[in-house]
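Comments concern the structure below.
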Amino acid sequence: MKDRTLRTLEYHKMIERLSECAGSACGKERCREIVPLTDLGEIERLQEETQDALSRVYAHGSLSFSGVHDIRASIKRLDMEAGLSAGELLHMGSLLVAVKRIRDFGAGDEREDSLSERFRMLEPLTSIANEIDRCIISEEEIADDASAGLKNVRRQIRLTNDRIRDQLASIVSSTDNKSYLQDNIITMRDGRYCIPVKSEYKNRFPGMVHDQSSKGSTTFIEPLAVVTLNNELRELAGKEQEEIKKILKNLSEMLVPHIPALEFDMETITAFDVIFARAMLAKSMNATRPAFNTEGIIDIKKGRHPLIDRSKVVPIDIRLGDDFTMLVITGPNTGGKTVSLKTVGLFTLMGQAGLHIPAFDGSRLAVFDNVFADIGDEQSIEQSLSTFSSHMKNIVSILREADEGSLVLFDELGAGTDPTEGAALARAILSDLHERGVHVMATTHYAELKAYALTTPGVCNACCEFDVATLSPTYRLLIGVPGRSNAFAISGKLGLPEQLIDRARGYMTQKEKSLDDVIEGLSASRLEYEQKNERASEALGEAERLKERLEQKNEKLDATREKIIENAREEAEKILRDAKEFADATIRKINKLAGSGAPMRELEEERGALREKLSGAGRKKTAVEKKPGAPITDPSQLKIGDSVHIVSMGVDGRIVSLPDRKSDVTVSMGAMRTTVNVSDLRSAAPAPAPEKKEKTGVGAIKIQKAYDVGMSVNVIGMRVDEALPVVEKYLDDAYLAGLQNVSVIHGRGTGALCDAIRGLLKRLKYVSSYRFGTFHEGDRGVTIVEFKQGN
């Protein structure tokens, strides 16, 4: 892309906004180097990265790149086996800490996307980062614990300092020396401890003179008593620097084997900084990912120019490349024509640079090899070029380079010269580009170009709408309709006499009047179409809302029906379960009474209670399963309190309100109420006639038990006290079910369990006999039990 086009379309301003979203110096530098690409695969890769980063930002918040420093120069020094300074090592450690933080951010998202692999490949070198943090406090300070040698030297330095201060303090605090000293303080000169002595008494303190005050009244003397100690201190300071150099060298050597990892971390973090800068820019603009194509189709939905205040910008819809490859835009000045051109051009450049565009989801952009723009006043005083000449020079260059893979944007093509000649030139230029298959958008005031667009296949008119009533543009772009100058209408609104306007109309040629009438007719047709379309959209929206409410109501009814059916099923199961438990308890009681020789009357009473319990369970189960009756043909016959069956829900209820105009009634189902149509109701089925009881209560128990009881029970592994209740319960059920013989599997073991079970069998009155199993039945690990018949 030509730099002139990038400047004209203000692409550099967008790149500057992008760089402000980056968190590191390297990221900002990389952002400023971004240029639009022309390879569809690379563009899609960048767009996908931006989309994935934006998804992560929305899910987990922004990613911080604080602490990321440019370590490329330091890596080169390491590669040459040169040691790094404390500041460089701190930057290395800071970068590695940032690497760990960024890798952890990536690991926090379980979804796999285009960024996941690079997040995993980051190497934070945590042990080295911790060592750097332990040893280096700041660029000027190394920790005492960085090495044993440094710790020992600094301990000696502190001791020597203390000894020097003690010596000097004794001199300064002596009353004999008070009159000879300028101040009772200890100071330093050239790194050595001194005392301030009045110049006239300097000979009273043998030692080394290091300095003198500006007026000469004070001499700074290092007393002879501390010279040796000061020399020792100077030597220790040298040793301290040597130890620091060793520490920095060791840390540098630790990094050398990891130079490739450091280079990868630096490059990857910089790339991430740019990617997440694109995501943050997209978030700030409420932008979306455009769909790209190579067919030259542009379809921008509610696009907003990103450099115009969001509270003022008017979203526009722009199409190009599907039914037409050239769009001629007309309309009043300051109506938004130039903004429309710049929006298309800037969106194209942004999209091909991997940026999202501030438009509705589903917008489409084409990949162009070149974008050319001739917009704005290009007058050059230095080159003695007029506005027209400057524009024409640029147009000549565009005509020389444009081809089928180019997008060309013209603002006020042919302006700045004689209107007749300008219109002819403009038409010739547009015709040439159209014949060559170039995609073109051009703004104009020339009526000749409106007519050209009306009569040429593949060329379409568009206009920026103007509200004559308010004398202000609406900034809406209307495709398919040529614009009007509205000069007469505006002049009349501003007070120009009507007779002058009529005279002006008289000067227009018949052809010009006809074109104006055509445009007026098209505008009226468009207005009528938009009104109808708006009403249709409202009706469609209302239908969608009604459909959604109906679906929600049906879902609620389905859920209610399922709940009622489930409750009924659970109640039926509970009834049967209670009946079984009651039957089991009754059978045990009957057996106990029979064994104790109780009177026959008590046995019959127990059997009667059992029959009544089972009959009640049967009646309740039948009530749950009864079927609906006949449809209701005459809603007027319904009365409050009538029992009905709701077909769609499969439940019964009672009428609590009479049918309304729509034949809807309210039905109560216990604590719940619902409104249904009469067509969904059936008469409640009458209660079923009582069936003949062909079996006694005990017989009914036998039938149910026969479904539940197996032919054997296994108690292997149980203790005697655990096994005996299980075996007794099983034998009761098996006898009640009418089985002739069953198997009790107890295993051999110590024989204690077998003996206990045989003892139980002896006591049970309904057991006829028992024996060990044959070889094929389980031998002595199984006892075969025979029941008495005729029970």
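The values are calculated or read from the model by the stated rules, or taken from the named source; none is laboratory data. No experiment lies behind these values; they were computed from the predicted model shown. Note: ideal-geometry Cβ built from the backbone for every residue, glycine included; neighbour counts use all protein chains shown. Heavy atoms of the whole protein, side chains included, go into the accessibility calculation; ligands, DNA and RNA do not. Shrake-Rupley method; radii C 1.70, N 1.55, O 1.52, S 1.80 Å.
Treat each spin label as a single point 7 Å out from the Cα along the C-beta direction, and report the V720 to E295 distance in nm.
It is 9.0 nm.
Report ³J(HN,Hα) in whole Hz for each residue of region 452-466, in order, from the Karplus equation J = 6.51 cos²θ - 1.76 cosθ + 1.60 where θ = phi - 60°; Gly and Pro get x.
4, 5, 5, 9, 10, x, x, 10, 10, 7, 8, 9, 9, 5, 10
Give me the accessible area of L9, 1.4 Å probe, in Å² rounded to the nearest 10.
Number for this one is 0 Å².
How high is the FRET efficiency between E20 and Y180 when r is their beta carbon distance and R₀ equals 60 Å, given to the nearest 0.05?
Efficiency computed from Cβ-Cβ geometry: 0.35.
Starting from the alpha-carbon convex hull of region 726-766, give the projected area averaged over all orientations, in nm².
Values: hull surface 11.8 nm².
Reported value for the Cα convex hull: 2.9 nm².
If I take R0 = 60 Å and measure r between the Cβ atoms of N286 and T417 in this structure, what FRET efficiency does the formula 1/(1 + (r/R0)^6) give, to the nearest 0.05? List each step's numbers first, then the result.
Details: r = 43 Å, r/R0 = 0.71.
The value I calculate is 0.90.
At what distance in nm do the modelled label points of K312 and S170 sit from each other, each positioned 7 Å from its Cα along Cα→Cβ?
About 8.3 nm separates the two model spin labels.
With θ set to phi - 60°, apply the Karplus curve 6.51 cos²θ - 1.76 cosθ + 1.60 along region 359-373 and write out the HN-Hα couplings as whole Hz, x wherever there is a Gly or Pro.
8, 5, 4, x, 5, 10, 10, 9, 8, 10, 6, 8, 10, 10, 9
I357's amide H: which non-local residues (gap 5+, or another chain) put their own amide H closer than 5 Å, with H modeled 1.01 Å from N in plane and none for Pro or chain starts?
T288
List every residue whose amide H lies under 5 Å from the amide H of I298, counting only residues 5 or more places away in sequence or on a different chain, with H placed 1.01 Å from N in the peptide plane.
Here the answer is L320, G321, D322, since their amide H atoms fall under 5 Å of that of I298.
Probe 1.4 Å, all protein chains in place: accessible area of M121 in Å², nearest 10?
90
For region 52-157, with the dipole built from +1 on Lys and Arg beta-carbon atoms and -1 on Asp and Glu ones, taken about the Cα centre, which of V97, N152, V57 lies farthest toward the positive end?
Selected residue: N152.
Within region 263-287, find all residues whose amide N lies under 18 Å from a label point positioned 7 Å from the Cα of K302 along Cα-to-beta-carbon.
282-287
Quantify, in whole percent, the carbon and sulfur part of the accessible surface of region 80-168 (1.4 Å probe; protein heavy atoms only). Write out the running numbers ahead of the final one.
Details: 2320 of 4830 Å².
C and S fraction of accessible area: 48 percent.
Can you run phi through the Karplus equation (6.51, -1.76, 1.60; θ = phi - 60°) for region 198-211 and list ³J(HN,Hα) in whole Hz, with x for Gly and Pro?
Along region 198-211, the couplings run 4, 4, 6, 10, 5, 6, 7, 10, x, x, 9, 8, 10, 6 Hz.
Around I136, which amide H atoms from residues at least 5 apart in sequence, or from another chain, sit under 5 Å from its own amide H, with H modelled in the peptide plane?
A143
How charged is the neighbourhood of S179? Take every other residue with its Cβ under 14 Å from the Cβ of S179, and add Lys/Arg as +1 and Asp/Glu as -1. Before the final figure, lay out the partial values.
Numbers: positive: K178, K198, K202, R204; negative: D176, D183, E200.
Charge balance near S179 sits at +1.
To the nearest 20 Debye, how big is the dipole of region 394-472 about its Cα centre, given +1 on the beta carbon of each Lys and Arg and -1 on that of each Asp and Glu?
On the way: 4 positive and 12 negative charges, 24 e Å.
Dipole size: approximately 120 debye.
Put a dot 7 Å past each Cα toward the Cβ at T38 and A73; how far apart are the dots in nm?
3.7
Take peptides 349-355, 336-342, 167-173, 729-735 and line them up by average Cβ neighbours within 10 Å, highest first, as a rough protection proxy. Let's see the in-between values first.
On the way: 349-355: 25.1, 336-342: 22.9, 167-173: 15.4, 729-735: 20.1.
Taking the mean over residues of other Cβ atoms within 10 Å, the ranking is 349-355, 336-342, 729-735, 167-173.
For region 388-476, state which trypsin sites (Lys or Arg not before Pro) are in a DSSP loop and have at most 16 other beta carbons lying within 10 Å of their beta carbon.
Values: sites: K393, R400, R427, R436, K450, R476; in loops: R436.
The qualifying sites are R436.
Taking the Cβ-Cβ separation of H12 and E112 as r and a Förster radius of 41 Å, what is the calculated FRET efficiency to the nearest 0.05? Before the final figure, lay out the partial values.
Numbers: r = 36 Å, r/R0 = 0.88.
With R0 = 41 Å, the Cβ-Cβ based efficiency is 0.70.
Assign one of three labels to region 194-275, namely rounded, prolate or oblate, based on the Cα gyration tensor with a ≥ b ≥ c the square roots of its eigenvalues; rounded applies when a/c is under 1.5, prolate when it is not and a/b is larger than b/c, and oblate otherwise.
Working: a/c = 9.76, a/b = 2.89, b/c = 3.38.
Oblate shape, in that a/c is at least 1.5 and b/c is the bigger or equal ratio.
Label region 61-164 by shape, choosing from rounded, prolate and oblate, from the square roots a ≥ b ≥ c of the eigenvalues of the Cα gyration tensor; if a/c is under 1.5 it is rounded, and otherwise prolate applies when a/b is larger than b/c, oblate when it is not.
Here region 61-164 falls in the prolate category.
Could you work out the relative contact order of region 58-201? I mean the mean sequence separation of Cα pairs under 8 Å and 6+ apart, divided by the number of residues, in percent.
That works out to 15 percent.
Give me the net charge for the shell around E786: Cβ to Cβ below 15 angstrom, other residues only, Lys and Arg +1, Asp and Glu -1. The partial results should precede the final answer.
Values: positive: R758, K762, K765, R771, K788; negative: E777.
In short, +4.
Grab the Cα-Cα distance for Y507 and T187, subtract it from 0.36 nm times how many residues apart they are, and report the gain in nm with one decimal. Don't skip to the answer; put the middle values down first.
Numbers: separation 320, 0.36 × 320 = 115.20 nm, distance 10.10 nm.
Using 0.36 nm per residue and subtracting the Cα-Cα distance, I get 105.1 nm.
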